[in-house]
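Take a look at the structure below.
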Amino acid sequence: MNQEEKTKLLNAEADRITDTISKIKYRIAVFSGKGGVGKTTISVNLAYGLCVNGFSTGLLDADITGPNVAKMLGCEEGVIYINESIVPFEKYGAKMISMASLIPKGQPLIWRGPMRSKVINQFLADVDWGELDYLIADLPPGTGDEILTIAQEMKPDCAVIVTTPQEVSVMDAERAVNMAKQMGIPFIGIVENMSGFSCPHCVAEIDLLGKDGGLKLADELGVRFLGKIPFEIEARKQSDIGKPAILKNPNSLFSKSIIEIVNKIKINQQV
Ligand SMILES: Nc1ncnc2c1ncn2[C@@H]1O[C@H](COP(=O)(O)OP(=O)(O)O)[C@@H](O)[C@H]1O
Ligand SMILES: [Mg+2]
């Protein structure tokens, strides 16, 4: 393929991305500095929090080498292509695409940044998302290629930065907030996840990972604090079963905290 042909293909892809974006009212990027703080759990539950509010919602798993969204939704099948478009999965009323649906289970993807970015472009250009109120991108930890690609191509209206209250996580979240600022994402909010744990035996409140780290960071950096989400054993179990906790236990403290965050995002964005 010569340079002219390559440019033509890239321009056609850029046009398809523009077309996709034009049909999605609000786009949310969920990221953090640190791994394992609950980005995927929150992405999934926010998506269904929006769904139960009547919004059409999609979930784009932008964690290409560690994709977990499919597992948390119990999606085991591979993807289907129709007329060169990828058909997103529809699960519990939301649309979803994940690299996990494109590779055999357990198979590692040993890809450098540009390859991972290419897949994200394809998820935007070639997945038939249709008209959506919200599209949520669940990102890998850190401030690497995936978030750069999402910022440039998906053009998020909102960055949800997830941290636990623990200092080591807050420190990384600060980098994520500053990256979101540098990328010009208009609305930036912090979620403090795994914030408090209610012991099922003695009913005592335990600050497993410290207290108020996310709240203080939001204050220091002048961004919105979206809320605290407790550590809940049932929520963890639901992730493994493949059903979002917010659908299974809508009255739990975990689910109520998610709904409060959904309400803040909704008020800000007024879909
Ligand atoms: N609030 C929570 N209560 C209980 N378990 C949680 C909570 N948030 C996340 N988890 C669990 O913690 C682990 C890491 O969460 P995950 O969403 O995969 O993090 P990340 O996407 O940031 O790597 C998962 O096993 C998930 O089920
Ligand atoms: Mg994840």
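Numbers at a glance
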read-out	value
Conditions (1) within 16 Å of ligand 2 (Cβ to nearest atom); (2) without any contact (Cβ under 8 Å) to a residue 24 or more places away in the chain: number failed by residue 234	(1)
Entirely in region 145-229, the strands (runs of 3 or more DSSP E) that have 3 or more residues that are within 16 Å of ligand 2 (Cβ to nearest atom), out of contact with any Pro (no Cβ under 7 Å at 6 or more places or on another chain) and closer than 22 Å to residue 260 by Cα	158-163
Positions within region 53-97 being of a type in the set (Gly, Ala, Ser) and in a strand (DSSP E or B), in sequence order	58, 85, 94
Search result, residues across region 1-52 that are of a type in the set (A, V, I, L, M, F, W, C), assigned to a loop (DSSP other than H, G, I, E, B) and within 16 Å of ligand 2 (Cβ to nearest atom)	37
Neighbours by Cβ (under 6 Å, 6+ apart or cross-chain): first from region 53-67, within 14 Å of residue 89 (Cβ to Cβ); second within 16 Å of ligand 2 (Cβ to nearest atom) and in a loop (DSSP other than H, G, I, E, B)	61/67; 61/98; 67/98
Residue selected from region 124-139 under the condition more than 16 Å from ligand 1 (Cβ to nearest atom) and either free of Cβ contacts under 8 Å to residues at least 12 places away in the same chain or assigned to a strand (DSSP E or B) (or both), by the criterion surrounded by the fewest Cβ atoms within 10 Å (Cβ to Cβ)	133
Filter pass, residue 33 being in contact with an Asp or Glu (Cβ under 6 Å, 6 or more places away or on another chain) and either modelled with pLDDT of 90 or more or under 28 Å from residue 214 (Cβ atoms) (or both)	yes
Filter result (hydrophobic (A, V, I, L, M, F, W, C) and touching a helix residue (DSSP H, G or I) at 6+ places or on another chain (Cβ under 9 Å)) within region 93-114	94, 96, 97, 99, 100, 102, 109, 111
Set 117, 98: member being touching a Cys at 6+ places or on another chain (Cβ under 8 Å) and either within 16 Å of ligand 2 (Cβ to nearest atom) or of a type in the set (S, T, N, Q) (or both)	98
Pairs where the first residue, in region 203-214, is farther than 15 Å from residue 191 by Cβ and without any contact (Cβ under 8 Å) to a residue 24 or more places away in the chain and the second is of a type in the set (A, V, I, L, M) and part of a loop (DSSP other than H, G, I, E, B), C-beta under 8 Å, 6+ apart	208/194
Whichever residue in region 67-82 is within 16 Å of ligand 1 (Cβ to nearest atom) and of a type in the set (Gly, Ala, Ser) and, among such residues, is nearest to residue 242 (Cα to Cα)	74
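The values are calculated or read from the model by the stated rules, or taken from the named source; none is laboratory data. The structure displayed is predicted, hence computed values, not measured ones. All Cβ positions, glycine included, derive from the backbone under ideal geometry; neighbour counts span all protein chains shown.
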